[in-house]
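The values are calculated or read from the model by the stated rules, or taken from the named source; none is laboratory data. Just so we're clear, the structure is a prediction, and the values are computed from it rather than from any experiment. Cβ coordinates were reconstructed from backbone atoms using ideal geometry, including for glycine residues, and neighbour counts include every protein chain displayed. What goes into the accessible areas is simple: the full protein's heavy atoms, side chains included, and nothing from ligands, DNA or RNA. Shrake-Rupley method; radii C 1.70, N 1.55, O 1.52, S 1.80 Å.
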Amino acid sequence: MRFRIASFVRRHWLGLAAALLLTSALAGPRWYLLASSPPDGARIQVAPWAASDIGYDLALFSPAIRDAYDGSVNFASFYNPTRRDVPTPPGIPWLEAIGLFGRVTGSPFSSLAVVTTLTALASLVLLYMLALELFADRRIAAATLPIAVMLIGILVQAGGVLPLRHPDVLRPILTIDPRREFHAWYRFVPPSIPLPVFLAVAIAIPRAVESGHRRWLALAIGALALLIYTYLFYWSAMAVALAGWCTWLLYRGEYQTLRRVLAIGVVASLLAAPELAARLHDAVALPADARARFGKEAFGIGTGQLTAVAQRLVIGLPFLYPLLRGPERNRFYIALFLAPLALDLTTGIVPQPEHYVTQVWHVFALPAFIAGAASLVVIAPRGWLRPAAVAAGALAVLGIVYAAAFQARATYEAEASFSMPSDERAAFNWIETNVRDNQTVVSPSVDTNMLLPAMTPARRYLDDGFFTRVSDDEIIDRFLRAQAAFGYSESDVFARLDPANGYPTSDKTVPPDQLERHFDLSAAYFLFNWEITTPARVSERMPAWRQRYEKLLTEPHVLSAFPADFLFCGHRERFWPAVHPAPGTYVTVAFQQGQAIVYKLTSSADPDARPFSGC
């Protein structure tokens with residue numbers, strides 16, 4: 001065994017070196033954030049806010065990880081929708097596993113760092129194996145890794161190829177300006193966790209179909225089942241690709257190959273039946289409010305993405321054409337290329353179908369690009385091969401340098417997003433140690449409500465509209481009650497509820513020191529998510545909500561409609577002044593360090609109680 005490993009490393013050292021270098025660049029920021037301390041304040045490993053992708057997606061799934069870390073592990077409850085008022089998060093087995101592993105590493109964040117580092121390395125090694133199988137050349141296969149990482153990063157950052165004609169889009173790419181974004185491959189959960197699973201499927205299914213060997217069939221089935229448990233957008237696109245391939249095989253009369261593809265798909269679906277059932281339940285049982293918040297539109301064809309789809313088809317044509325010939329696996333790669341583009345134009349099947357272009361296509365298209373390039377190499381004149389190889393090598397070196405420079409600059413620009421004042425960090429530490437998982441902390445701040453379930457076992461008073469099935473009325477009632485308890489004026493509250501504020505993660509012009517306030521100004525996004533794309537649906541209810549808020553400002557014990565145990569006061573809670581807190585909220589100081597205070601809710605009969613007058 002030792003000899004085989006040493007022999008493998010000697011033969012593939014170039015590809016392994018490229019994979020390790022890129023893994024260091026892509027996963028390095030997570031380890032840096034874990035190990036370093038800012039000169040002022042205290043480091044945290046999660047940022048719920050930012051004017052780009054660096055923050056929100058890194059906190060999105062942390063509550064599920066935190067729950068598992070705190071010992072609340074019950075897979076059955078996640079797949080029994082009658083017992084929960086929240087939709088089952090996709091990829092819940094991964095989240096549970098990461099949380100449980102955190103009990104070994106010492107924190108959920110170190111566990112997340114370990115898992116994402118290993119999956120990044122696995123992704124790159126499997127990409128090398130795929131390229132090696134298609135090119136049959138170790139040097140070209142190794143060069144594929146950094147070229148793919150660089151081009152995908154550029155494509156995602158630009159939003160396509162056509163936008164590159166605009167100087168404001170091209171300039172930051174040429175100057176390696178991340179604009180407060182980490183590399184697209186770094187985002188968690190999509191796509192860092194699903195990547196190695198997808199690449200395993202892309203390698204195993206053609207092998208299994210061509211050979212019929214039981215080992216490859218078992219690997220293909222297992223990888224496909226795991227993909228279903230991992231990420232909705234990946235496995236739904238894979239299902240469409242396999243369906244398209246099966247249609248082609250039926251048309252061609254390739255019945256033995258067709259039977260093998262069908263067997264893989266059916267057995268994998270049976271193994272993943274709980275996940276498929278949960279997704280089906282969410283598809284048919286979500287109330288209208290939740291559908292709007294998730295971005296679930298009526299079934300139909302969306303034309304808004306036609307240009308994005310068309311330009312990707314044009315890019316792919318030179319690579320797809322050679323794949324019409326050759327082994328049958330080439331048609332599978334064509335189906336993988338086309339499936340996300342077809343789904344991107346179809347509304348009503350899944351929420352937010354544009355994810356098929358922004359997060360799926362550039363990965364699913366990799367096998368087609370690699371196999372197509374290999375076919376072009378075969379038919380190219382011999383005089384072109386050496387210059388092309390030299391160009392590929394130079395582009396690979398540039399890819400590694402680009403990825404490393406991009407990540408280094410992004411980390412430098414974004415690291416302040418992952419820190420908070422030391423007094424506030426101490427308050428979160430106190431909550432983590434002293435507040436139970438059945439107790440609720442109240443804060444009127446969107447940011448604080450993102451941090452609480454990721455950094456502590458406590459529950460939050462405000463609901464993130466994307467992760468609950470409850471009605472908009474309950475979501476807004478919780479929000480207005482928290483604002484009333486802290487005494488914010490009607491004008492301040494409803495300025496934050498304006499759906500015209502849009503997506504707080506899309507404005508890269510906000511100064512870094514204003515990011516937190518900017519995110520809290522977009523409270524409507526936190527509460528209603530994709531529902532703000534139909535602003536009339538939100539705005540038409542504003543008059544009734546204003547009347548409701550006027551009554552809440554005079555309602556005694558305004559927080560008592562929902563469980564509430566503590567109040568949190570930090571710098572975010574002071575973005576807006578306390579004008580007139582609702583009466584009857586009595587508190588005692590449970591923790592105080594500097595301007596960070598945690599109040600315990602109590603009754604007026606408590607000798608130490610005093611009326612809460614705001615932060």
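Across the stretch 231-249, what is the total count of residues that are under 24 Å from the mean Cα position of the chain (by Cα) and either part of a helix (DSSP H, G or I) or farther than 25 Å from residue 359 by Cα (or both)?
Residues flagged as under 24 Å from the mean Cα position of the chain (by Cα) and either part of a helix (DSSP H, G or I) or farther than 25 Å from residue 359 by Cα (or both) within the stretch 231-249 amount to 10.
Given the structure, is residue 343 open to solvent by less than 20 Å² (accessible area, probe 1.4 Å) and assigned to a helix (DSSP H, G or I)?
So residue 343 fits the description; yes.
Might you let me know whether the stretch 160-172 holds any residue that is within 25 Å of the chain's Cα centre (by Cα), farther than 25 Å from residue 387 by Cα and among the charged types (D, E, K, R)?
No, the stretch 160-172 has no match at all.
Could you list, in sequence order, all residues of the stretch 482-492 that are over 28 Å from residue 426 (Cα atoms) and outside any loop (DSSP other than H, G, I, E, B)?
490, 491, 492, listed by residue number.
Having 3 or more residues that are surrounded by fewer than 13 Cβ atoms within 10 Å (Cβ to Cβ) and modelled with pLDDT of 90 or more is the bar; report the helices (runs of 4 or more DSSP H) wholly within the stretch 250-339 that clear it.
Helices (runs of 4 or more DSSP H) meeting the threshold: 255-271, 306-323.
Just the residues that are loosely packed, with under 15 Cβ neighbours inside 10 Å, in a helix (DSSP H, G or I) and of a type in the set (A, V, I, L, M), please, taken from the stretch 152-174.
Listed by number, the residues that qualify are 162, 170, 174.
Taking the options 432, 413, name whichever one is surrounded by fewer than 23 Cβ atoms within 10 Å (Cβ to Cβ), in a helix (DSSP H, G or I) and either touching a Phe, Trp or Tyr at 6+ places or on another chain (Cβ under 8 Å) or free of Cβ contacts under 8 Å to residues at least 60 places away in the same chain (or both).
Selected residue: 432, the only one of 432, 413 that is surrounded by fewer than 23 Cβ atoms within 10 Å (Cβ to Cβ), in a helix (DSSP H, G or I) and either touching a Phe, Trp or Tyr at 6+ places or on another chain (Cβ under 8 Å) or free of Cβ contacts under 8 Å to residues at least 60 places away in the same chain (or both).
Please count how many residues of the stretch 450-481 are polar (S, T, N, Q), under 17 Å from residue 524 (Cβ atoms) and either under 23 Å from the mean Cα position of the chain (by Cα) or assigned to a helix (DSSP H, G or I) (or both).
Of the residues in that region, 1 qualify.
Of all residues in the stretch 68-80, which are open to solvent by 40 Å² or more (accessible area, probe 1.4 Å) and at pLDDT below 85?
71, 72, 73, 74, 75, 76, 79, 80
Looking only at residues that are of a type in the set (Val, Ile, Thr) and surrounded by 19 or more Cβ atoms within 10 Å (Cβ to Cβ) in the stretch 516-560, which one is nearest to residue 180 (Cα to Cα)?
Ranking the qualifying residues of the stretch 516-560, first place goes to 532.
Considering 363, 350, 357, 377, which residue is open to solvent by less than 50 Å² (accessible area, probe 1.4 Å), outside any strand (DSSP E or B) and closer than 21 Å to residue 133 by Cβ?
Sole residue among the options that is open to solvent by less than 50 Å² (accessible area, probe 1.4 Å), outside any strand (DSSP E or B) and closer than 21 Å to residue 133 by Cβ: 363.
Can you run down the residue pairs with Cβ atoms below 6 Å, 6 or more apart or on separate chains, where the first is in the stretch 575-591 and without any contact (Cβ under 8 Å) to a residue 24 or more places away in the chain and on the phi < 0 side of the Ramachandran plot and the partner is open to solvent by 40 Å² or more (accessible area, probe 1.4 Å) and outside any loop (DSSP other than H, G, I, E, B)?
Short answer, once both residue conditions are applied: 588/600; 588/602.
Considering (1) modelled with pLDDT of 95 or more; (2) under 24 Å from residue 138 (Cα atoms), say which one residue 374 fails and leave the rest.
With (1) modelled with pLDDT of 95 or more; (2) under 24 Å from residue 138 (Cα atoms) applied to residue 374, the lone miss is (1).
Quick grid of which residues meet (1) in contact with a Lys or Arg (Cβ under 8 Å, 6 or more places away or on another chain); (2) open to solvent by less than 50 Å² (accessible area, probe 1.4 Å); (3) under 28 Å from residue 45 (Cβ atoms):
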residue: 97; (1), (2), (3): no, no, yes
residue: 103; (1), (2), (3): no, no, yes
residue: 136; (1), (2), (3): no, no, no
residue: 140; (1), (2), (3): no, no, no
residue: 150; (1), (2), (3): no, yes, yes
residue: 176; (1), (2), (3): yes, yes, yes
residue: 179; (1), (2), (3): yes, no, yes
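The rows are residues; the columns are (1) more than 30 Å from residue 473 (Cβ to Cβ); (2) in contact (Cβ under 8 Å) with a residue 12 or more places away in the chain.
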position: 241; (1), (2): yes, yes
position: 244; (1), (2): yes, yes
position: 248; (1), (2): yes, yes
position: 252; (1), (2): yes, no
position: 257; (1), (2): yes, yes
position: 266; (1), (2): yes, no
position: 272; (1), (2): yes, yes
position: 279; (1), (2): no, yes
position: 285; (1), (2): no, yes
